[in-house]
Amino acid sequence: MRLTPGPAWPIEIPWPAGDQNAPGLTLEHFTVTETSDIAVFGTAGSGDVVPLVGRTTNGFVATFDTEAWLRMLKSESYRSEHVLPLSARLPFHYHRLPGFVRNALASLLLRLSKPRTEGFPTHLNDCGPLLLTGLLEERPSTHVAVLTHDIDTALALAWIDGIAEAEEAVGARSCWNVVPRHYEIDHSQLGRLAERGHEIGLHGIWHTNQEAFLGDALAREFDALGELRQRYAMRTYRGPSWYRTQSMYDVLEDYFDIDLSALDTDLLCPGGPGGVGLAQPFHIRPRLVELPCTVPFEAPLLVGPRPAHIVEFWKPKIRLLKQLGGIVVVNTHPDPNYLGNPVMLAAYKALLDLLARDGWTFRLPREIAANLREGDVFSGSRGQL
Ligand SMILES: [Zn+2]
């Protein structure tokens with residue numbers, strides 16, 4: 001359903017540019033009758049325009065079943081499940097294709113990808129679900145930013161220390177996700193990061209994109225990595241290429257506290273468009289927190305904006321996240337075809353400065369998981385699936 005602002009939309013929150021959509025909305029009841037009290041309208045595929053959120057003396061109310069809708073978003077049941085991709089079946093590792101070729105393929109996929117169901121998402125800044133939840137749910141008072149990096153190839157290793165130093169210069173620490181069976185891990189480098197307060201997470205096993213489809217065999221791979229997981233007290237996971245399945249989450253909750261494999265707006269997973277819509281952590285399993293990525297920092301490079309404009313590209317979304325109580329969850333790849341080059345590193349430093357100046361508090365994924373368990377500002381209704 002395509003969203004448009006009504007007369008009661010809060011004027012201090014600029015409505016974002018471009019189409020804004022939300023999947024799976026089924027109208028239950030109409031509690032709002034005065035047009036002047038409507039904050040958000042929805043336009044269905046049929047062209048019918050209906051009120052979705054109204055303003056009352058007690059705050060904003062929805063005309064749809066918000067609990068059922070949130071459940072559907074969190075499980076992404078509005079889209080089809082990811083299936084084992086071709087890249088996982090090649091006789092060679094797809095990372096043997098040079099980085100610029102992989103970027104060109106990713107760019108092509110992003111340009112060709114069309115929303116499969118419900119018209120969500122239509123572009124990288126499609127924030128429809130955030131516009132609704134931001135009005136309907138309690139907004140946390142602290143503005144939290146989480147920095148995460150997926151170390152996809154050994155070529156990234158040379159860039160890690162410089163990136164970490166730039167983060168430390170603004171008082172931030174980040175989560176570095178490694179692929180242990182794909183390249184030689186430099187334990188002195190990871191040890192230095194861990195000592196300085198950074199977090200080490202796991203980014204799949206081989207990065208062949210088969211990880212999410214292994215079922216119980218994934219548990220055996222995690223068991224075999226027991227020593228590595230213990231050495232760095234790993235509690236955070238992100239699957240390769242954003243592939244995620246229900247069976248993957250079933251295994252993850254036995255090994256990790258928090259997963260980073262979902263995005264709020266997903267046009268990046270080669271498995272097809274989707275996204276959980278939400279910009280807050282929530283329990284995807286009773287013992288596993290999901291923290292959706294909201295700022296896939298390098299993704300705009302695949303659709304047009306050059307590195308010099310990339311921070312400008314993200315500014316409106318970062319402002320919206322602040323106004324609607326969302327978390328900034330940044331993802332980068334220190335590999336040379338993404339963040340690992342001087343021009344992109346300069347852009348990343350500009351992002352860090354912006355977040356620090358703008359009053360965002362930097363937190364690690366493991367801290368978000370611990371906070372959610374202890375029921376602080378991040379719990380509330382968002383924490384309950
Ligand atoms: Zn990756």
Screening Leu228, Leu190 for residues that are within 14 Å of Asp150 (Cα to Cα), of a type outside the set (Ser, Thr, Tyr) and away from the ligand (no atom under 14 Å from the Cβ) leaves only Leu190
Next item on the list: Examine the stretch 293-302 for a residue that is open to solvent by 10 Å² or more (accessible area, probe 1.4 Å) and modelled with pLDDT under 95, and state whether such a residue exists.
Entry: yes
Q: Might you let me know whether the stretch 136-143 holds any residue that is more than 16 Å from the ligand (Cβ to nearest atom), over 30 Å from Gln189 (Cα atoms), among the small types (Gly, Ala, Ser) and surrounded by fewer than 20 Cβ atoms within 10 Å (Cβ to Cβ)?
A: yes
Scanning the stretch 168-192 residue by residue, the ones that are under 23 Å from the mean Cα position of the chain (by Cα) and not polar (S, T, N, Q) total 10
*Report whether or not Leu202 is open to solvent by less than 50 Å² (accessible area, probe 1.4 Å) and more than 16 Å from the ligand (Cβ to nearest atom).*
no
Exactly one of Glu221, Glu165 is open to solvent by 10 Å² or more (accessible area, probe 1.4 Å), closer than 21 Å to Ile258 by Cβ and not in a loop (DSSP other than H, G, I, E, B), and that one is Glu221
Taking the stretch 230-248 and keeping residues surrounded by fewer than 20 Cβ atoms within 10 Å (Cβ to Cβ) and in a helix (DSSP H, G or I) leaves Gln230, Arg231, Gln246, Ser247
Scanning the stretch 326-358 residue by residue, those charged (D, E, K, R), within 28 Å of His95 (Cβ to Cβ) and away from the ligand (no atom under 15 Å from the Cβ) turn out to be Lys349
Per the filter on the stretch 171-187, residues away from the ligand (no atom under 15 Å from the Cβ) and closer than 18 Å to Pro365 by Cα are Gly171, Ala172, Arg173, Ser174
Item to complete: Determine whether Ser36 is surrounded by fewer than 15 Cβ atoms within 10 Å (Cβ to Cβ) and under 29 Å from Met248 (Cα atoms).
Response: no
How many residues of the stretch 194-239 are among the polar types (S, T, N, Q) and without any contact (Cβ under 8 Å) to a residue 12 or more places away in the chain? The answer is 1
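The values are calculated or read from the model by the stated rules, or taken from the named source; none is laboratory data. Treat the numbers as computed from the prediction; the structure is a model and nothing was measured. Virtual Cβ from ideal backbone geometry, glycine too; neighbours counted across all protein chains shown. Please note that ligands, DNA and RNA were not included when accessible areas were found on the heavy atoms of the full protein model with its side chains. Shrake-Rupley method; radii C 1.70, N 1.55, O 1.52, S 1.80 Å.
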